[in-house]
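This report concerns only the one structure given below.
Readers should treat all values here as calculations from the given coordinates under stated rules, not as data from a laboratory. No experiment lies behind these values; they were computed from the predicted model shown. Note: ideal-geometry Cβ built from the backbone for every residue, glycine included; neighbour counts use all protein chains shown.
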Amino acid sequence: MKKWLVLTLFFLLAACAVAQARPTATQVFLPEVLRQATSDFKPRPWPDTTSGIHVFNDQLPGSMSQTLLQFSATRYAGTQKMTRSTADQLRAINPDFLILHYRLGPGLGYRGIQNGCQPTGDWLAIVEGNTWVQEWPGDGVVQENWFFHWPESGSTRVLQCDWGWYLMDLSSSAYRTWWQAEVLRQLRANDDDGLFLDSLSVPNYLGGSSYNPNLPDLDTVFESAWAQRIHNWLDWLQTQPAGDYYIVPNVGSWITTRDPTDYSPVDGVMIEGFALEGDASPYALVDWQLQMNRILSLVTTGKAVINQTYAYGDRERMFALGSYLLIKGNRTYFNLELDYAPEWWPEYDLPIGSPTQNAGTAITNLRLASGLYRRSFSNGFVLVNPTNPWDGSGQTIPINLGGTYYLAQTSGGGEVPESGIPTGVITYQAVTSLNLPPYSAAVLFNTHP
């Protein structure tokens, strides 16, 4: 959700330039849209992530030099929110480059918010072909039974006051029919491989007061009902032509302990806020453990997992990377997101190899008696201290390594210069022991890389 603070402005600006007329209601509901959308279609395969560190970028600029196109197409597994022309440029270099189409999961984008919670700003926009088009279809198409109303016995639409979208009734057959036709047309126009469904979690987990009218901050009956709506929505999508594409919801940080949502129907998820909330903002130890366990439950069943965070400090980046290595499977991606420009951090180039130790379904399988978490790889191992100095669990943990290993130390990185050569640096220090402070990690190699 944090990326929305940047994305909203981008969408609003893009919407101002919309030149493409929206389809009429008749065009939207043409049955051939559903028949043709997935004719002989197969998405590009998820790249195998067993060995090394694999990056799935959140979004790239719509215009890049040939040097940066080459960099992006060969260094990233994929991205989302790309126009067709940029997608074609990337795939001319790497035909297997994955691209997801961006849509809201539980909502329908309306207008930017002004003056508290007034949707009077510019229209929100999404990609269709080579154009950013207005997401809202117009009052002549919108039907009242598409919307989720609160209180449920009333007739009030629910507006998300931070980002300007309305909460929809995911069980409405009329909404499902219209929405799928829209999405299939856009997937075809964009040549996308899958559908990224943003913010697809129980809505009041974003804060009940962030909606108008307010949703309950805590209501287990409300939350259970919404978790079931989400599951039914995803289950239905997989039976439809849209299910021929990858279905990848953004499930947020997924650390709400009472969250009953079952994401088993999906092809993958994005964890936004992976490992820690941001610089100097680690999760409570129990929340970190919960997030790791929930991710492992997906990794072990073959789901793709995009692990994205917004931490940029050297210590925080290494902690996020170490956490990624603990849960890494064969469809597990990592991203330290900074901005739209292509970026690269030196941690991505660590030659750790493939895991030689199975994490299983519980992160405790990797826990040492000291409280550190350790996982072995073909070229070394990772150690992670997930304790938190503010929740009472924080401790600096010493460890005798029992021999000489080479500790990776990184600096620099970030936006990739026009040369296409990343600026980050990795050095290696011979060590026989370590002291790991709270929310830190160490990647060690058996021999000097």
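Place the peptides 440-446, 425-431, 318-324, 379-385 in order of packing, highest mean first, counting for every residue the other Cβ atoms within 10 Å and averaging per peptide.
Values: 440-446: 22.6, 425-431: 12.9, 318-324: 25.9, 379-385: 24.1.
Output ranking for 440-446, 425-431, 318-324, 379-385: 318-324, 379-385, 440-446, 425-431.
What aspartates and glutamates does LYS42 reach when the alpha-carbon gap must be under 15 Å and sequence neighbours fewer than 8 apart in one chain are set aside?
By straight Cα distance, LYS42 reaches ASP96, ASP191, ASP192, ASP193, ASP244, ASP267.
Using the Karplus curve 6.51 cos²θ - 1.76 cosθ + 1.60 with θ = phi - 60°, work out ³J(HN,Hα) for each residue of the range 64-76 in order, rounded to whole Hz, and write x for Gly and Pro.
Going residue by residue, I get 9, 5, 4, 5, 6, 4, 4, 4, 5, 5, 9, 9, 9 Hz, with x marking Gly and Pro.
Please find, in a Gaussian network model of the chain (springs between Cα atoms separated by less than 10 Å), the residue of ASN335, ASN190, ASN232 whose mean-square fluctuation is greatest.
Result: ASN232 has the largest fluctuation of those listed.
Give me the distance in nm between label points sitting 7 Å out from Cα along the Cα-to-Cβ direction at GLN357 and ASP391, one decimal.
2.2
Long-range amide H contacts for LEU436: which residues qualify at under 5 Å (H placed 1.01 Å from N, peptide plane, sequence gap of 5 or more or a different chain)?
Amide H neighbours of LEU436, under 5 Å, 5+ apart: ILE397, ILE399.
Could you tell me how far the Cα centroid of the range 142-194 sits from the Cα centroid of the range 98-127, in Å?
The range 98-127 and the range 142-194 have Cα centres spaced 11 Å from each other.
At a temperature of 10 °C and a viscosity of 1.306 mPa s, determine how fast the range 302-449 diffuses translationally according to Stokes-Einstein, using the Kirkwood radius over alpha-carbon pairs as Rh; express D in µm²/s, rounded to the nearest whole number. The partial results should precede the final answer.
Values: Rh = 16.1 Å.
After rounding, the answer is 99 µm²/s.
Quick one: 3J(HN,Hα) in Hz for the range 268-273, Karplus 6.51/-1.76/1.60 with θ = phi - 60°, rounded, Gly and Pro as x.
x, 9, 9, 9, 9, x
Residue-wise, which Karplus ³J(HN,Hα) couplings in Hz belong to the range 438-444, taking 6.51 cos²θ - 1.76 cosθ + 1.60, θ = phi - 60°, and x for glycine or proline?
Here the 3J(HN,Hα) series is x, 6, 9, 8, 9, 10, 10 Hz.
Please work out the ratio of the alpha-carbon Rg of the range 193-306 to 2.2 N^0.38 Å and round it to two decimals.
Numbers: Rg = 14.5 Å, N = 114, 2.2 N^0.38 = 13.3 Å.
Compared with the compact-globule rule of thumb, the range 193-306 sits at 1.09.
If you build a Gaussian network model of the chain, linking Cα atoms that sit under 10 Å apart, which residue out of LEU60, LEU401, LEU90 swings the most?
Comparing LEU60, LEU401, LEU90 in the GNM, the peak value goes to LEU401.
Please check: in the Gaussian network model of the chain (C-alpha springs, under 10 Å), which one of ASP217, ASP40, ASP314 has the largest mean-square fluctuation.
In this elastic network of the chain, the residue with the biggest mean-square fluctuation among ASP217, ASP40, ASP314 is ASP40.
So what is the 222 nm mean residue ellipticity for the chain from helices alone, if each DSSP H run of at least 4 adds -39500 (n - 2.57) and you divide by all residues, rounding to the nearest 500 deg cm²/dmol?
Values: 9 runs with 109 residues, N = 449.
Using -39500 (n - 2.57) per qualifying helix, the result is -7500 deg cm²/dmol.
Out of every Cα pair in the range 4-357, what percent are spaced more than 26 Å from each other? All intermediate terms of the calculation are to be shown ahead of the outcome.
On the way: 30887 of 62481 pairs.
Percent of Cα pairs beyond 26 Å in the range 4-357: 49.
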